[in-house]
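Readers should treat all values here as calculations from the given coordinates under stated rules, not as data from a laboratory. Being a predicted model, the structure only gives us computed values, none of them experimental. We place every Cβ from the backbone using ideal geometry, glycine too, and count neighbours over all the protein chains shown.
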Amino acid sequence: MARSVWKGPFVDGYLLKKADVARASGRNQIIKTWSRRSTILPQFIGLTFGVYNGKKFIPVAVNEDMIGHKFGEFSPTRTFTGHTAQDKKAEKPKKG
């Protein structure tokens, strides 16, 4: 279910403060965040965020196409290791 339009996008307050400080300093350092639920705003364009996925921080360089999305969308929490060799044998069609 989507958030109400009249409420506006949700962004943690500390994240806005960190982004303002990083933009004012001019250095391109990674801003670590655990807030996967925060919405990406136009103020974040050009900054790099380290979004926590439960194990490590995934670097996310924000560009214009990401505005309106959540940080969690760009930091997957599950890793697909592939199918086992047994599954591949079972999928082969039988000849005859």
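The figures follow:
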{"read-out": "Sites LYS18 and GLN86 - FRET efficiency at Förster radius 30 Å, r taken between beta-carbons, to 0.05", "value": "0.05"}
{"read-out": "Length gained when the stretch PHE57-TRP6 is fully extended (0.36 nm per residue, less Cα-Cα span)", "value": "15.1 nm"}
{"read-out": "Amide N proximity, the range 54-88 versus ASN28 label position 7 Å along Cα-to-Cβ, cut-off under 19 Å", "value": "58-67"}
{"read-out": "Cα shape, the range 8-76, gyration tensor, a/c 1.5 rule", "value": "rounded"}
{"read-out": "Given charges at beta-carbon only (K, R positive; D, E negative), |dipole| of the chain in Debye", "value": "520"}
